[in-house]
């Protein structure tokens, strides 16, 4: 995982190098002060060389000015470096999320993914910035201090050298507890984010049912779980800090106690004891940094581990190394003896054959859960068939790039997603490089142009979160305009009008008729009255084709289609 982190350091290695150089200067100045003090007390003050003494002290003050400047750059450039690393990691994670299949999003909630894109990455950034910097200063200062201590009085230095490993063993043990607690906190925080995302997205539904109290209770439970996780983390942190503070205090005490004993035996003088005390104080700060680093490392590694989990995931729908772009000239679809299951125990499509001619409109009908939508999701390779093959113009969809398939297949669904942007940008989403004139033409063909002109800012009208300022019919016509702009050879209409009233449906049906002209079209429909004009109607039951033919032929057979049709006629 650390190798993964260091990979993101490379593009910003200049900033990292400056940060490390400043840390090196800080460590050198911290080590120099006790030595300079010892030299002054041994040579300058006893020899009454006061001019040199004060000149030396002014030099020390100037070096501390330099140290402050270094800390400024470490703070500014170090955090800048961390932000760049964070941005690169977030970009890599977002790119990875774009490559993962529908199956991944079927299993993971949006709030948890948002937590990984925000909170986890902040912890990784803190590790990227403060980790190397604190580690370098601490190691250099501690090792340097010990070397000079051993040179002055090895017996006194030995006490410090024995205490440090004991301290580090206890710190590392406490750090592991903190790491486990930190991972648990991140999991609970992700759950809270999921609850918030779900509650806010469904706020209109909860208000409609007057269920604000239910949502509040659900959130309270998640919040309490998070509090308990945090308590566990703070308990581990408290144990960690208590151990740290004990050793921070016992170390100077041990040095002065044994140093005093050596002075009593005339084996040490006051100057060396003072110098020892300065050195102890010098690396007490780095040891605190090491302790803080342990916390940063625990949090950062927990975030990095969760980041790596996603980065190591492989999409189930993969491209062959030699996959080429698909060029659709006719729009013929051949579905050859395919089967598909979301898992081993739930087969949805069972050895199904279907052949659609270029420019033909085929309606797919049947009971809910029969496999209609799943079949149409297999054509653009949102999922891969488990058996058989799907061919477009004679080419297996698994032999070409996914992007080229989806560029040639246009999908209009019942639940249209409208971005929180303007009408213009929502239509232009069908082809991001389209000109304003092309967007206007697409809006006219989708019969939403007149509606747009009546809006406050026309094409620049902001439509709200998920298009809350638009009616259901307007949202659907925006999605149709997108497809006009995309201009695919193959069109899939997935129950695109089932949520609309009859009058709006009839109006939009004209847009669909215009949209379907000259394209191979698959229509998944719940209302059978809307598919009477299809070239062919296919009835799917339990993942298989039960019947197929024209509207009149299927009524004459008096089979499943006829039963569905007459049932709907009676209900209307």
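The values are calculated or read from the model by the stated rules, or taken from the named source; none is laboratory data. Every value quoted in this text rests on a predicted model; they were computed, and no experiment measured them. Note that each Cβ is placed from the backbone with ideal geometry, even for glycine, and that neighbours are counted across all protein chains shown.
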Taking the residues in the stretch 327-367 that are under 15 Å from residue 535 (Cα atoms) and touching a helix residue (DSSP H, G or I) at 6+ places or on another chain (Cβ under 7 Å) as candidates, determine which candidate is surrounded by the most Cβ atoms within 10 Å (Cβ to Cβ).
364
Test each condition in (1) in contact with a helix residue (DSSP H, G or I) (Cβ under 7 Å, 6 or more places away or on another chain); (2) in a helix (DSSP H, G or I); (3) surrounded by fewer than 17 Cβ atoms within 10 Å (Cβ to Cβ); (4) at pLDDT 80 or above for residue 243 and report the one that comes out false.
(4)
Say whether the condition of being touching a residue at least 24 places away in the same chain (Cβ under 8 Å), part of a loop (DSSP other than H, G, I, E, B) and in contact with a strand residue (DSSP E or B) (Cβ under 9 Å, 6 or more places away or on another chain) is met by at least one residue in the stretch 305-316.
no
Residues satisfying the stated conditions in the stretch 380-404, i.e. within 28 Å of the chain's Cα centre (by Cα) and closer than 18 Å to residue 516 by Cα
380
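Given the criterion modelled with pLDDT under 80, within 26 Å of residue 380 (Cβ to Cβ) and more than 30 Å from the chain's Cα centre (by Cα), identify the matching residue among 497, 504.
From the options 497, 504, the qualifying one is 497.
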Can you confirm whether residue 368 is closer than 30 Å to residue 563 by Cα, part of a loop (DSSP other than H, G, I, E, B) and not assigned by TED's automatic domain parsing to the domain that holds residue 121?
yes
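Would you say residue 159 is at pLDDT 80 or above, assigned by TED's automatic domain parsing to the domain that holds residue 23 and more than 27 Å from residue 300 (Cβ to Cβ)? Spell out the reasoning first.
Values: at pLDDT 80 or above: yes; assigned by TED's automatic domain parsing to the domain that holds residue 23: yes; more than 27 Å from residue 300 (Cβ to Cβ): yes.
So residue 159 fits the description; yes.
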Could you list, in sequence order, all residues of the stretch 412-453 that are in contact with a strand residue (DSSP E or B) (Cβ under 6 Å, 6 or more places away or on another chain) and buried (at least 22 other Cβ atoms within 10 Å of the Cβ)?
412
Tell me the residue from 324, 314, 320 that is at pLDDT 85 or above, over 16 Å from residue 376 (Cβ atoms) and either assigned by TED's automatic domain parsing to the domain that holds residue 538 or exposed (fewer than 14 other Cβ atoms within 10 Å of the Cβ) (or both), please.
324
When only residues in the stretch 512-529 that are within 38 Å of the chain's Cα centre (by Cα) and part of a helix (DSSP H, G or I) count, which is modelled with the highest pLDDT?
516
What is the number of the single condition among (1) surrounded by 17 or more Cβ atoms within 10 Å (Cβ to Cβ); (2) over 19 Å from residue 349 (Cβ atoms) that residue 540 does not meet?
(2)
